[in-house]
Structure formats: C-alpha cells, structure tokens
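Coordinate-derived values only; no laboratory data. Everything quoted here is computed from the prediction, not taken from an experiment. We place every Cβ from the backbone using ideal geometry, glycine too, and count neighbours over all the protein chains shown.
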Amino acid sequence: MVNFFVKIIIILCLFVTSAASEILKKIEITGNKRISDETIIIFSEVNINDQINKSKLDEVIKNLYQTNFFRNISLNFENQILFLNVEENPIIENLEIIGIKKQSLVEFIKDKIQLAEMKSFNEELLAVDLDFINNILKTNGYYFTKISSSKSINSDLNTIDLRINIELGEKAKIKKITFLGERIFKDKRLKEVIASEEHKFWKFISNNVYINQELINLDKRLLVGYFKNNGFYDVKIENSFVEFDKNSNFNLIFNIIPGKKYFFNEFNLNLPSNYDSKLFKSITKKFPKLKGDTYSLLKINKLLNEIDKIALSGQYEFINAKIVEKIDGNKINFEINISESEKFYVEKININGNFNTLEEVIRNNLIIDEGDPFNEILFNKSINEIQSLGIFKKVKTDIKEGSNQSFKIIDLDVEERPTGEISISAGFGTDGETIGGGLKENNFLGKGIKLNTNIELTADSIKGRFIYAKPNFNYTDNTLFTSLKSSTSDFLTNSGYKTSEIGFSLGTKFEQFQNIFLSPEIDFLIEDLETSDKASDTLKKQEGSYTDLYFNYSINQDLRDKKFRTEDGYTTTFSQEVPIVSDNAEFANAFEVIKFRKLSTTSDMVGKISFFGKTITGLSDDVRISKRLNIPSSRLRGFERGKVGPVENNDYIGGNHISTVNLSATLPTVVEGLDNLDIGIFFDAANVWGVDYNSSLDDKSKIRSSTGVALNLMTPIGPLSFSFANAISKASTDKTETFRFNLGTQF
C-alpha cells in the first residue's frame, strides 16, 4: 500500500513539473547594436532544447545583468520561443582623472577601479569606484578629498566620456603619536620602532608624517614584534585610531595591552623514529642556554633557522616543523615537533603582480624551484626572503593541484611598493655644522639593483659618494658593489694643507661561513696634496699628486640578537688595506669588537663594551698626512675633536696607531613623564701615538680617559644629544671639552 502511494506522488510531481516547463525551440533577440546575438546567448547560459520555467528565466536575467553590458533587460517566453529585449549600457570612450598631478598614482587608480575605457558604463560601478578612489587617497594621506564625476554622452554612438574630478586638499599630517595602556617602554623608544612619524617642520620630504592606513597596519605589526621580542607573549594592539581634534590636527593613537612578561622554560624536540637525532644537535644544544631567558620571538626564529639548514642540506626532503607553546605561570614550555610533510613535487611556479620587477629577481630568492620536492620549511623561508627585499608591499601564495596527485602548482602574487627614497640631514653642535642629503633606489630597472648617492658638507670639507650594489650577482648569492667617491678637505688656514681625492672601488660581499661575512674590494684613488706657508717643512715635502691601487678586505662576524636596539650578542671585524701599486704605499690593519648585554630583566638597561684598534705603516716612505690616524670624537668624549695626540708646530698631526676602549650603559627612566629623554653613562679610554717621519718628535703616547653622562632628547626642533664628560687622564698638549652637544635630524 505504501509503495502504491509513493508511485502516485512521483507521477503527480512529474506531471506538475512538465506542466510548468516547456522545451526551448528558438531565441529571438532585439535591441542589441554592439553585442552580437551569439555573445548574449553564451552569457545567458541558455540553450535550445533546455527546459524553461520561471526559475530558469530569472537565472537568464541575472546572468545577463552580471555582464554589466545592459542597462535594461526584458524577456518573454511564448510558444517555445524566448523573446529577449535588451538596452545596452554605453561604452566608455574616454576616462579622465583630473586633479592628481602624480601620474603614477593616476595609473594606479585606473588599474584598480572597475570602470575603464572601452568597457560598459554602469552607475552602480561608478559609485563603487568613487568610494574606492576615496579610500586609496586616504591611504596616501588625503583625508580632505572631494570627488565628483561628470559625463558627456553621445546618444548616436551610445558612448560616454567620463571625467572623475578630484580636489585633493591638504594631506593629513600626524601632529602627535600617543601610546595608551600600561607603560612598559618609553614613548620615545616606541616611536623609534614604528614607521609613522610626527610631523615637524624639517620633515618636509618624509611621507611617513602623513596618515596612511597601510603604514598604521605596519606600525601595529612592528609594535607587536617589538613587545614579543622583549618577553610580552600575549601583547595585543587592542585598537589603533586616528583622532581629529578641534584644531584640524590628526593624532595617531595606539592602545597597547602588553600582558605579563614571560620566560623560556623547558624545550623538547620530537623527531620521527626514522630521523637521525645527531643531525639536530645544533638545535638541542641551544635548549639549556635558552631556559630562564626572556621570551623572544627572534630566538625562536633562530631555532627555526637551524631547522632550515637541515632542510637545505638535503638530508630530509619532505620535512615540516611545528611549535606547540604551553604556558605555565610566567614561563613557556616548547614542543618542537618535526614531521614529514605531504610528499609532492613542485610542477610550476606562477608569479603575478611584478609589473616593474623582473621575474628573475623573485625566482633568485626562491630556495625551492620547479621540479623540486615541496618542502614547507624552505617554502616559508623563500617567502620571507622575498619579503625582506623591501620592494614588495605584499606577498601572497596559493598552492593548487597539479596535473596529478604528485604535483602542485604554486601561485605567487606580489604587490610592488615605491622603492625610491630621498633624505636630507642637518646638524649643529660644538664640533661644527653639517648638512647633507642623499638619494636611494632599491629596485633600479626592476633588477633589484640598489643605488645610493649622498653628499655631506662641513665647514672645512665636502664629501660625495655613489654606490651601485647588485645582489646575487651572476646567481652566486654574492653582492657585487662598485662606488665612486670624491672629497675635498681644506685645512690651509689652520694647518697649512688641503687634500682633494677622487676614487673608484669594486668589491663583493658574501657569507663565507655561518654569520661570518667576507668583503674583498679593489680600491683606486687619486689624491692631490696642496700646502701653504703655514705648513711644516716635513708636510711641504709631501706636496704633490698620488695614485694608489689597493686590495682591501674585511671579515665580520655578527652574533647580535637583533640589529635594531641590540640587547645581547657581539660583533667582531678585522680589516686590512694592502697596496698593489702606490706612489706612497702604506699597509693598514684594523680590529674591532663590540659586546652587548642586557643588564636588567625589568627595565631596558643595556650595557655595551667595545675595543677598536688600527695601525698604519709606510712601506717605503712616511705615511702621508691624509692617511694618518686620529681618534674619532665619538670614541673619546671629553676632548676636542682632532686635538689629541702628537703635535708639530701647534698642529695636531695624528699618529700611526690608535686604540680605544668604550664602556657604556643606558639607564632606566629616572623622572616619570620624560619619555623623550634617554640617559646613559660612559667611560672612554684611547691613545694615539707613533710619528714615523720624525723620530725626535714626542709622539705623546699616553692613555687618555674620561667618564661622564650622555643624554639624548627629542625636541620640537629635532633630536638633541648632550654629553657631560670629565677627563681623567691626558697629555699636556691635549685639549679637553667638558660639554658637547649636537642638534640634527634626518628625513
């Protein structure tokens, strides 16, 4: 009985369906002038012999409206014939954007909006595009923009000329940057971390002083990274917003919830049973050293870098690493789980969005290539390498199925960013006045080539330099650089001599061993030495032109925890200057070591100790005046610049040897509210000695030393630095300086 009723219901349903549907036998289209019948039929997704009902007719209308080709669509279905009447949208013949002088921005907007020349015009899309343009301009700092549109319609041709009128108004400048929440770090420190800057009158070139949403998002990431690198695992940027005050100023406000400070506790490495644990010793031996240290994302990344090296060695082709963090009070336990990833190979890598950058620049930074086993660790490292180039705003990836189950296709989408920079610097202090400027390009010709040119002027010198650097030269992972330099130093009035130099250098830099970099170069220099009646007889003998060809190299080991605001680790550098062909050959050696250490877990006190030594020896003749060594003023505070060491005829002539030792420490905030002030204490000791051209001259070999306090203050007119120093030991001819200051900035 049940089966009988079911059959009856099915028959009735079939009858109702057939009664509501008819088979399509013909399609008649009217009203179309530009778009062919065939095109309309394709977009309608309806075909002869289809079953037509109300739902299908609604679908046809929806499909045709989605093409944006039509203003109005009407249809009727009678006697198995579908009658379609359409009214076409006009075609945009010309599209102008008026009011923006920067053509690159105009082209960027045209590329991003939906309306374009030779496309159909639609009022709804116009409204969407105008809103999109407004958002783009806001990200570029234009918050007072007025946007309107005007149209000129040619009814006969059904075309339209569209004009988008833009009044940019003034850029929204950042008057003040404020950090809310529990005060862990001084505002001055946090302002150094972020990219956005408060507007000052001297920062007329910088774009970072304008409200920019993308820059604000970057600021939030930088702040989170900074707090996490200092132990604040749970840090959150609860909110960031722009406040518009009654004086038409914009205040940028970050609300930071740092949470509590965490420390590393236990580490455990879990390996698959078929993995050799000996290959992972470089990781496990770090675990005891990390236990008890302040939590730092950088230190975790260093552990992951060790896993990268194992993956690069090819020992395990399909390897993956995941870190599980378990919080125990104010400590964090870490489980590092190594596993075999899904086994497949890279069939193809598609790169999109690189309109200016050559594809090879991106591919050169990919550790995995087409045909390689897919290794998730190396893939993520490749993406990090591309992002670190600094020429892309965004890098996105998508892994899709390949031609079979063993292959995958990787889509890599990049969004380029402006790569040019301009800077101007100025300084004023007890050492004199300095002004300078520079231009940088980080992606010249889209080849990843870096260009840097700068010039610096002081009261008695002018220096200029141009540097060309090509990363990964000839696919060797080496950076090739060449530079041109020119300088003039005029000491005729005070010391009776003037030097003019012009030179050229060619060199390379590469990582020879882990964290050990080698930088060899060939340096060619032409120097003219001019003297006056005030010069000594010995100096007058050096007057003339000199041509030098040198082989220089340096070996640098960098084991700092981070390059910005270093808190732990050290760097060592050894360098030599070896003459190949020279009119006055000298041989020079230099060595420097700098050690950093955090002095407190509850404040940002950091200690620093450094040693620097350099010696220069003439191989045939005496070392000429321009090559003689002087103690840099930053390494011996409490003494006037250049007024230390051997003296002849009241002129400080420098020496053949110098050495310095510097100890310093930053102090925690002493007075609440002085967030723009950094205070430190220091002890400097140095010596300069050796006069090769006159053995009878007292070379004043004596250890000079001083101690004092250094202050760095951010003022409304620029960063101001002071040092108050007291000389502890000195030579009789040395000139001391208790107070030193410098006011300067760069933008």
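Data table
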read-out: Positive minus negative residues near Phe70 (Lys, Arg vs Asp, Glu; Cβ under 14 Å); value: 0
read-out: In sequence order, calculated HN-Hα J values of region 541-550 (Karplus, 6.51, -1.76, 1.60; Hz; x Gly/Pro); value: 5, 8, 4, x, 10, 10, 10, 10, 10, 10
read-out: Cut-off under 5 Å, modelled amide H: who pairs with Thr736 long-range; value: Glu640
read-out: Sorted by Cβ density within 10 Å, fewest first, the residues Met118, Met714; value: Met118, Met714
read-out: Label point distance in nm, Asn515-Asn356, each placed 7 Å from Cα along Cα→Cβ; value: 3.6 nm
read-out: Extension gain from Ile98 to Asp477, taking 0.36 nm per residue of separation minus the Cα-Cα distance; value: 131.9 nm
read-out: 3J(HN,Hα) from dihedral phi, region 329-337, Karplus parametrisation 6.51/-1.76/1.60, rounded to Hz, x for glycine, proline; value: x, 9, 10, 10, 9, 10, 10, 9, 9
read-out: Where labels lie 7 Å past Cα in the beta-carbon direction, separation of Ser461 and Ser55 in nm; value: 8.4 nm
read-out: Of all DSSP beta bridges in region 345-416, antiparallel share, percent nearest 5; value: 60 percent
read-out: Long-range tail of P(r) for region 345-416 (Cα pairs > 19 Å, %); value: 28 percent
read-out: Cβ-based exposure ranking for Ile113, Ile658, in which fewest neighbours within 10 Å come first; value: Ile113, Ile658
read-out: Local electrostatic count, Glu38, Cβ distance below 14 Å [Lys/Arg +1, Asp/Glu -1]; value: -2
read-out: Cα-projected label distance for Leu492 with Ile153, points at 7 Å along beta-carbon direction, nm; value: 7.8 nm
read-out: Gain on full stretching of the segment that runs from Glu401 to Leu663 - 0.36 nm per residue minus C-alpha separation; value: 88.4 nm
read-out: Cα-based equivalent ellipsoid of the chain: semi-axis lengths in Å, sorted from largest, via gyration tensor; value: 65, 34, 28
read-out: Within-12-Å neighbourhood charge of Tyr553 [Cβ basis; K, R +1; D, E -1]; value: -2
read-out: Two-site FRET efficiency, Glu340 against Lys286, from Cβ-Cβ distance with R₀ of 25 Å, rounded to 0.05; value: 0.60
read-out: Estimated vicinal HN-Hα couplings, Hz - region 167-172 in sequence order (Karplus 6.51, -1.76, 1.60; Gly, Pro = x); value: 9, 5, x, 7, 5, 7
read-out: Assigned charges on the beta-carbon of Lys, Arg, Asp, Glu; the chain dipole about Cα centre (debye); value: 2280 debye
read-out: Kirkwood-based Rg to Rh ratio, region 263-339, C-alpha trace; value: 0.97
read-out: Asn649-Asn676 FRET efficiency (beta carbon distance; Förster radius 45 Å; 0.05 resolution); value: 0.45
